[in-house]
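Scroll down for the structure; my scribbles are underneath it.
The values are calculated or read from the model by the stated rules, or taken from the named source; none is laboratory data. Everything numeric in this text was worked out from a predicted model, so none of it was measured. So basically every Cβ, Gly included, is an ideal-geometry build from the backbone, and we count neighbours across all protein chains shown.
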There are 2 protein chains.
Amino acid sequence: MAAAGTSDALSLTFGALADPTRRTILARLSEGDAGVSELAALFPAISLQAVSKHLQVLERAGLVARGRIARQRPAHLRAEPIAEASAWLAYYRHFYEESLDRLGEHLARLQGAGPAGSEPGGS
Amino acid sequence: MAAAGTSDALSLTFGALADPTRRTILARLSEGDAGVSELAALFPAISLQAVSKHLQVLERAGLVARGRIARQRPAHLRAEPIAEASAWLAYYRHFYEESLDRLGEHLARLQGAGPAGSEPGGS
DNA sequence: CTTATATTCAACCCACTGGTTGAATGAGAT
DNA sequence: ATCTCATTCAACCAGTGGGTTGAATATAAG
């Protein structure tokens, strides 16, 4: 069902973001463009082809654009869909801001413990 | 292959958000708690059981908590995972803010001005 | 032209997802 | 106890998703 290619932009974006490998790819891309092999080197456990597929998912969601330099097809981060997702989430902001008032400690944990390893935060 | 129940919180959250039906449920819940039948009434096209399953997905992601009032199990919005997702996305904020503000920044630089940048404000 | 590099295509596997229907459970109402 | 409403469980189906391997397609370099 769901007609296979008919998902809306938000669903594509959240769907693309729902995978740790892809989030790591985006984090890497946030530090500069990179080709498939270069990205694949970050994931010794999975094949180059799998990374290529991840890139295609990100591309379909509009989160990366691909160029062509020599025989490479470097991926470039596009943040527009992230902005859209962010805007969608922002609607719920007052809910968690409310709970932040009551649960300051929990907030500290959310922001401090944060995404392990692969996630952004470095540099 | 992801070991079935081993996804991290962020993946569960984004995964739960990647479905329009579930996003609609959350939107409805943002206006007040509701039971399954009440929520199912919003989706004449799909069965009550399907809605119940969606609720379970949202629950697994921590986006809703369930209570018990009479013979109903009202769903209640929990925004903490949204806050986490928001925090993750926030890392990429400067990318889209940059493109929105690129012209302004460029002008500021030409004038030798300091940290001009327009206040993010909204979001 | 041949070879090496970078990436994609194709076929396949299996787990998970979104949906269905039908039966089972839980808890008020009578 | 029985009936009824609200919800979940169970079995099933088709489609998708993440992964694999092997072959194919550019493009650069010798």
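Annotations for the structure displayed:
- With respect to the stated conditions, A:Arg102 is surrounded by fewer than 17 Cβ atoms within 10 Å (Cβ to Cβ), more than 25 Å from B:Thr6 (Cα to Cα), modelled with pLDDT under 95 and within 13 Å of chain B (Cβ to nearest Cβ).
- Scanning the range B:22-56 for residues that are near DNA strand C (Cβ under 9 Å from one of its atoms) and within 22 Å of A:Arg93 (Cα to Cα) yields one hit, B:Arg22.
- Among the residues of the range A:42-54, those that are hydrophobic (A, V, I, L, M, F, W, C) and surrounded by 12 or more Cβ atoms within 10 Å (Cβ to Cβ) comprise A:Leu42, A:Phe43, A:Ile46, A:Leu48, A:Ala50, A:Val51.
- Per the conditions (1) closer than 22 Å to A:His94 by Cα; (2) small (Gly, Ala, Ser); (3) exposed (fewer than 15 other Cβ atoms within 10 Å of the Cβ), the sole criterion not satisfied by B:Ala79 is (3).
- If you go through the range B:12-41 and keep only what is more than 12 Å from DNA strand D (Cβ to nearest atom) and either away from every other protein chain (no Cβ under 14 Å) or in contact with a Pro (Cβ under 6 Å, 6 or more places away or on another chain) (or both), you end up with just B:Thr13.
- Output for the range B:44-71, where each listed residue is of a type outside the set (A, V, I, L, M) and either near DNA strand D (Cβ under 9 Å from one of its atoms) or away from chain A (no Cβ under 14 Å) (or both): B:Pro44, B:Ser47, B:Gln49, B:Ser52, B:Lys53, B:Gln56, B:Glu59, B:Arg66, B:Gly67, B:Arg68, B:Arg71
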